Structures are given as C-alpha cells and as structure tokens.
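Okay, structure first, notes after.
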Amino acid sequence: MSIRRESFLAHVQERGTYTTTEEADRVARVVLALLGAHLVGTVRSELAARLPETYALILLNPLQAAEPLSPERFVRATAAWIEGATEKTALWDIGAVLSTAAAAAGDDLTREVLLQLPPGYDLLFGHPPST
C-alpha cells in the first residue's frame, strides 16, 4: 500500500527541514527521477507502488542515465538539477527524500533496491552498511 502524498511530503519536509511543502516536492521530484534511472524491473515497480502516485510516475519514467552513478556522482548530479544547490545541500536533500522512500518501502524492499545500486548508497538512504 502506498503512502499518501501529503504524508510523504510532510516526512520529506520534516527530515529536510524545508520551510514549505513546495521545496520538499521540488527535491523529491529530482531525487526520485535520478534514482529511477538506476533501478530496473520489479524492484523499481515495487518501490513505485509504495510511493504516492505523483512520485511513482516520476520513478517509473526517470531521467536517462548512461551508466550507474557512484554515490558521489549521484550527489553531484542532484546538485546540478536543483537550482541553487551545492553538493552539501544536495546530500541533505537526498537524505531527506531517500530516507522517506526507505521508510515507505520497508527494510526488505530497501535491501533489494540497494542491491541494484553501486556500493555506498546505503548511507544515502540512511541505512548504515550491514556487517
């Protein structure tokens, strides 16, 4: 079952300490579009099913990526897509969105998502590496 849009945005807004839901929406759209380019198959569709429809569609129709981005390059790409962002603020934005998506997805699906991504994304999702 998917989380409601208002609830998703409220969590992103709280985690990112954004002053408006519009700001939370803006970063959510960018981060999920970039993330969607790195996920395939049922993992992407299962994650989309747990997100509000607006964000599910963004995840399912992502920006195109020529190759998987390392976490560092993902941060740089996010900074490039968010007007006025720096790598430091983009890292904050990514954490707010991906930790909210991970909470909506649950631990099992989040682990499957992380298996499709290059090493290091676990920290971007707020999930420390397993030992």
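The values are calculated or read from the model by the stated rules, or taken from the named source; none is laboratory data. Nothing here was measured: the structure is a model prediction, and the numbers come from that model. Cβ coordinates were reconstructed from backbone atoms using ideal geometry, including for glycine residues, and neighbour counts include every protein chain displayed. Remember, those area values only see protein heavy atoms, side chains included, never the ligands or the DNA or RNA. Shrake-Rupley method; radii C 1.70, N 1.55, O 1.52, S 1.80 Å.
Taken over the range 12-46, the criterion of being β-branched (Val, Ile, Thr), farther than 14 Å from ALA101 by Cβ and in a helix (DSSP H, G or I) is satisfied by THR21, THR42. Of everything listed in (1) assigned to a helix (DSSP H, G or I); (2) buried (at least 19 other Cβ atoms within 10 Å of the Cβ); (3) in contact (Cβ under 8 Å) with a residue 12 or more places away in the chain, the single unmet condition for LEU117 is (1). Considered as a group, the residues in the range 82-94 that are in a helix (DSSP H, G or I) and more than 23 Å from GLU67 (Cβ to Cβ) include one that is nearest to the chain's Cα centre (by Cα), and that residue is TRP92.
Just one of the listed residues (ALA49, ALA79, ALA102) is modelled with pLDDT of 95 or more, part of a helix (DSSP H, G or I), over 12 Å from the mean Cα position of the chain (by Cα) and under 20 Å from ARG4 (Cβ atoms), and it is ALA49. For the range 15-35, state whether one or more residues are small (Gly, Ala, Ser) and open to solvent by 10 Å² or more (accessible area, probe 1.4 Å). Checking the range 15-35: at least one residue is small (Gly, Ala, Ser) and open to solvent by 10 Å² or more (accessible area, probe 1.4 Å).
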